[in-house]
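Peer 1: Structure in structure tokens, see below.
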Amino acid sequence: MGAAGKMRPSPWIHKEHFEDEVMNILEKFAAVEIKVDARISEQDKQFCERQQAAYTAALCGFQELTFFWEDMLSAQKALLGEPDSPPRTYNQYLVPEGDDGPKITIQRLRVQIDTLHRRFIQKLAGYFQSAYNVKVDEKKIVSELLLPRPPKSKKQDLKEYLLWVSSVQLHYEDIVVHILSCFDGRTPSEQSLQELCRRCNEAVWCNYTHKAKFERKYAIISFLNSFCSFRNDKEYWTFTNSMKAILPCAAHFETGALNEYPAFFPSPPFDGTYGCNQLDFPGCEKLVQLRLFKNGRVDIRFSSEDYADQFINAYLGRGYQKSAGEVMA
């Protein structure tokens, strides 16, 4: 359970619990074993390191700006803050009334630092989501690495929180460890393939009857009824969302790599239109042809019946049973 879940009965920070919560966060940082290099690609690591460098530079800049601003306020207060003067009159040279420039305050600078931490987490989570087409629970990661930000109405709680968060520095390794924890021990590539197969599986099985929407005959797998459409007025073919979930798996079956597509094979997001109903794949070892029919059926022809069975077992799943009319491999 993250820091957010431990703070009871109130979800906001209370003075008597604040130091304990800070120690919990610091202990989490210390306890993380950095084992991410072997589980992410070199490209992933380079992206994370660039983001780390940019985040750290911005963080140091805001922290220094906060120190400089505190020094400027102290100097002005010493010069202008007379005991009987109205509150904050010593700000008159720093933030003149009616001035159109930036209204700098210590609290605003610390809010910016808090936002900076959250943006760093968001950037890394967004990268893995986009690069691998997987789901990452960004809110959970934030709750594990940062305390919840109190509302403006809780002024003292907010002040204590912002003072704490302005001294925090995140490391990409900690964030990546939490991202990987969303994948139940799988690497990003393994999780991507897992979700790819799940979407494909959902597309080819009926939720109500639990029957397959496909069948195999010889080396052909036929996806029935709702996998393509034909525009009579335009005379072109398109794939439905159900088929769009299958095509990445077919490409992966041929290439063995994510986001790699054979020559002449449709490419994401599979929104293209086709003037003929047959796509051939010369040079492929496993895939031979895609064929579309006006009734919504799509056939994938494989180079052998064994490859067709392998595709069913690897991507379509659910213990598919061949009907009596189908030819056994």
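Peer 1: What number comes out for the charge environment of Thr238, summing +1 per Lys or Arg and -1 per Asp or Glu over other residues with Cβ under 11 Å away?
Peer 2: +2
Peer 1: If I stretch the segment between Asp137 and Lys77 completely, what's the gain in nm (0.36 nm per residue apart, minus their alpha carbon distance), one decimal? Mind dumping the intermediate values first?
Peer 2: Numbers: separation 60, 0.36 × 60 = 21.60 nm, distance 4.58 nm.
Stretched fully, the Asp137-Lys77 segment lengthens by 17.0 nm.
Peer 1: Hey, what did the range 170-252 get for relative contact order, percent, Cα under 8 Å, at least 6 apart?
Peer 2: For the range 170-252, the relative contact order is 23 percent.
Peer 1: Same structure, new question: Using a simple charge model, +1 on the beta-carbon of Lys and Arg, -1 on the beta-carbon of Asp and Glu, nothing else, what dipole does the range 121-271 show about its Cα centre, in debye to the nearest 20?
Peer 2: So the magnitude is around 540 debye.
Peer 1: Would you calculate the separation in nanometres between label points at Leu65 and Thr273, each defined as 7 Å from the Cα along the Cα-to-beta-carbon direction?
Peer 2: 5.0 nm
Peer 1: Count neighbours as other Cβ atoms within 10 Å of each site's Cβ, and list the trypsin sites (Lys or Arg not before Pro) in the range 123-184 that are DSSP loop with at most 15 such neighbours.
Peer 2: Here the sparse-neighbourhood loop sites are Lys135, Lys152.
Peer 1: Starting from the 7 Å offset along Cα-to-Cβ, what nm value, one decimal, do you get for the label separation of Ala257 and Thr115?
Peer 2: Reported label-point gap for Ala257 and Thr115 is 4.1 nm.
Peer 1: Taking a 24 Å limit on the Cα-Cα distance, which of the listed pairs Lys45/Lys139; Lys135/Lys159; Lys244/Lys294; Lys217/Lys294; Lys123/Lys152; Lys135/Lys213 fall beyond it?
Peer 2: Lys135/Lys159; Lys123/Lys152; Lys135/Lys213
Peer 1: Quick check: pseudo-label points 7 Å beyond the Cα along Cα→Cβ at Glu305 and Gln129, how many nm apart are they?
Peer 2: Calculated label separation equals 4.6 nm.
Peer 1: Quick one: net charge of Gln191's neighbours, Cβ under 13 Å, K/R +1, D/E -1? Display every interim value, and only then the final one.
Peer 2: Values: positive: Arg39, Lys135, Arg186, Arg198, Arg199; negative: Asp44, Asp137, Asp184, Glu190, Glu195.
Net of charged neighbours comes to 0.
Peer 1: Loop-only GluC sites (Glu not before Pro) in the range 204-311, please: DSSP not H, G, I, E or B, and at most 16 other Cβ atoms within 10 Å.
Peer 2: Qualifying residues, ordered by number: Glu235, Glu260, Glu285.
Peer 1: Quick one: if the Förster radius is 51 Å, what FRET efficiency do Tyr236 and Leu94 give, using the C-beta to C-beta distance and rounding to 0.05?
Peer 2: In this case the efficiency is close to 0.20.
Just so you know, all these numbers are worked out from the coordinates, no wet-lab data involved. Model, not experiment: these values are computed from the prediction. Neighbour counts are summed over all protein chains in view; Cβ atoms, including those assigned to glycine, are modelled from backbone coordinates with ideal geometry.
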